[in-house]
Amino acid sequence: MRVLWNWIKWKTYIRWKDTWGTFFFTKGKVSSTIGLIAVLIDCVKALFFSVAYYSVFKLVLLNRSITQFESETPIIKFFLQELAIIQNNEIYFWNLYWLVLFIFCLFVGYKSSRWAQFSEDKFLLESHLGLPDRQVNFFLFLESIAWNFRTFIMNLLSLNIALLLATNSSFFDIFIYICSSVLLYIFLSLLFTCLHYLYVVYRTHWINGRFLIFQLISTKLLAIYIGFLSASQLYNWVQQAPFFLMNLLHRN
């Protein structure tokens, strides 16, 4: 466990130094100082995103006075009605947040799997530390997930905090939701990383050509079917819009 912690800490430091020190063309103590300033810049970014998200929620999405605005324009009237429905059901915001978190973890899992497959650090861990292949992959998985945790904090966690504050949640709820988001990020990212890595190994070593063609065709057909169902549901929802109905009546 100590070796894993040292590895993640060391690699995170190198990535951070490469990201900021190389950008400013600095070395030595100056580069370390800029690295510290970069941490403060990321903290300011996270704070700025939180304030921006909170402003959008409070001034627009959760502002009930906006829905009281009367307009004769059909499209504006329709969106105000939909906004009123969303304001009465805050679960919509949380469903969207968890969906975004799920997609982000899927993306991180893909990146971490690719990093473990093509990173030169794999040879470094195997030759210098003498670690088995499974443990090496696990080290590389967690290294990439830990680095992308920075993006998670600045974007998704700030969105989570802003939504909690905008809905007047208690400090206990804020603590629970933050812990849940962090644990879900770690679990889902690691899960998607392992699934993608196993899928690549499966396609590379175990699958034959005919089955691969069948799998590709089946995947495309399934995507088309899901897209058709989604489009059908979206069409039924759009049909209820007043401006759409007025256009149909005008054509008839």
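A few remarks follow.
- Per-residue extension of 0.36 nm, minus the Cα-Cα distance of GLU90 and ILE224, leaves a gain of 45.1 nm for this segment.
- Förster-model FRET efficiency, 41 Å R0, LEU216 and VAL44, C-beta, rounded to 0.05: 0.35
- Relative to its residue count, segment 140-196 spans a Cα convex hull of 71 Å³ per residue.
- Karplus-derived 3J(HN,Hα) values for segment 133-141, using 6.51 cos²θ - 1.76 cosθ + 1.60 with θ = phi - 60°, are 4, 5, 5, 4, 4, 5, 4, 5, 4 Hz; glycine and proline are entered as x.
- For segment 77-85, 3J(HN,Hα) per residue [Karplus equation, 6.51 cos²θ - 1.76 cosθ + 1.60, θ = phi - 60°, Hz, x = Gly/Pro]: 4, 5, 5, 5, 5, 5, 5, 5, 5
- Each residue of segment 106-114 is assigned a 3J(HN,Hα), and the resulting list reads 4, 5, 5, x, 5, 5, 5, 5, 5 Hz, derived from the Karplus form 6.51 cos²θ - 1.76 cosθ + 1.60 (θ = phi - 60°), x at Gly and Pro.
- Take the Cα of ASN6, step 7 Å toward its Cβ, do the same at ARG114, and the gap between the two points is 3.2 nm.
- The label-point distance for PHE187 and VAL200, in a model that sets each label 7 Å from Cα toward Cβ, rounds to 2.5 nm.
- Simple spin-label estimate for SER169 and PHE123 gives 4.7 nm between the two label positions (7 Å along the Cα-to-Cβ direction from each Cα).
Only the coordinates and a few stated rules stand behind these numbers; no lab work does. This is a predicted model, so every value here is computed, not measured. Quick reminder, even Gly has a Cβ in these numbers, built from the backbone with ideal geometry, and neighbours come from all protein chains shown.
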